[in-house]
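What follows is calculated from the coordinates using simple rules that are stated; it is not laboratory data. All values derive from a computational prediction rather than experimental measurement. When we count neighbours, we look across all protein chains shown, and the Cβ atoms used for this are built from the backbone with ideal geometry, even at glycine.
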Amino acid sequence: MRITKYTHACVRLESGGRALVIDPGVWSEPTALTGADAVLVTHEHADHIDVLRLAGLGVPVHAPAEAHIDRLEVIGVGSGQEFTAAGFRVRAVGGRHAHIYEGRPDCANLGYVVDEEIYHPGDSLHVPEQPVETLLVPVHGSWLRTAEAIEFVKSVGPRRALAIHDAQINDRGLSSVNGWLAEETNGYRYLRPGESI
């Protein structure tokens, strides 16, 4: 499976001529959606969903059933639900966005385990019950400390971890976060937007 990282939390998965895009937000490149067969959205925040871009795309968009997404028809999913998107097997896990301050924000957030190999948690540190090969690990956010990101990787125990949720951090900060994660966890790697593995 080919994994391409785009700006912030957006990732494109390709296999067998099919393309599944996760969290194409307002900061991600439009090219992430070129030829996409389906989209997964972890939650309703604009850094994870560009409603206008998706409204004109014409492909199935899966999102938490509890999410408040206006002006876009989505296929609502719930935690524990299994479904197929663009030919990929997907399991929705988790349920709520991580808290920033005094319980806010409180919105639905689902992570997605794709083909039992790749896990995108959205804005959450929910540890899935099943092992995964590749963890897409959030590295920065108003709801996240570096120590929590390190512990998340260790708790999930993937073969490799790739950074996501990084657009709000400057190069010096990103270098520091990448250094800590590389030193403290196994298999960590940073992909710049547009890079693939």
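For the range 62-113, taking the reciprocal of the average inverse distance between every pair of different Cα atoms yields a Kirkwood hydrodynamic radius of 11.9 Å.
Working note: 222 nm ellipticity from helices only, DSSP H runs with n ≥ 4, each -39,500 (n - 2.57), summed and divided by the residues of the chain, gives -4500 deg cm²/dmol to the nearest 500. Sorting THR4, THR146, THR42, THR84 by the number of Cβ atoms found within 10 Å of their own Cβ, with the fewest placed first, yields THR84, THR146, THR4, THR42. Computed about its Cα centre, the charge dipole of the range 143-188 is approximately 120 debye, with only Lys, Arg, Asp and Glu carrying charge at their Cβ. Exposure proxy shown here: for ARG12, ARG89, the number of other Cβ atoms within 10 Å sets the order, fewest to most, as ARG89, ARG12. Seen from every direction in turn and averaged, the convex hull around the alpha carbons of the range 2-189 projects onto 9.7 nm².
Just going by the charge dipole of the range 2-189, with Lys and Arg at +1 and Asp and Glu at -1 on Cβ, which of HIS165, GLY179, LEU40 is farthest out on the positive end? Positive-most Cα among the choices belongs to GLY179.
What does DSSP give for the range 2-189 in terms of the percent of beta bridges that are antiparallel, rounded to the nearest 5? The antiparallel fraction comes to roughly 60 percent.
Using a Gaussian network model of the chain whose springs link C-alpha atoms within less than 10 Å, name the residue from VAL39, VAL59, VAL114 with the highest mean-square fluctuation. Most flexible of the set in this elastic network: VAL59. Summing charges over all other residues whose Cβ lies under 12 Å from the Cβ of LEU57, with Lys and Arg as +1 and Asp and Glu as -1, gives -2. Taking the Cα centre of the chain as origin and assigning +1 to Lys and Arg Cβ atoms and -1 to Asp and Glu Cβ atoms, the resulting dipole is close to 360 debye.
Fewest-first ordering of TYR6, TYR190 by other beta carbons within 10 Å of each residue's beta carbon gives TYR190, TYR6. Full extension of the chain segment joining ASN186 with ALA55 gains 43.2 nm, where the gain is 0.36 nm per residue of separation less the Cα-Cα distance.
Taking 11 Å as the cut-off, the amide N atoms of the range 132-163 that come nearer than this to a point 7 Å along the Cα-to-beta-carbon line of MET1 belong to 132-136. Computed from label points 7 Å out along Cα-Cβ, the spacing between ALA147 and CYS107 is 2.9 nm.
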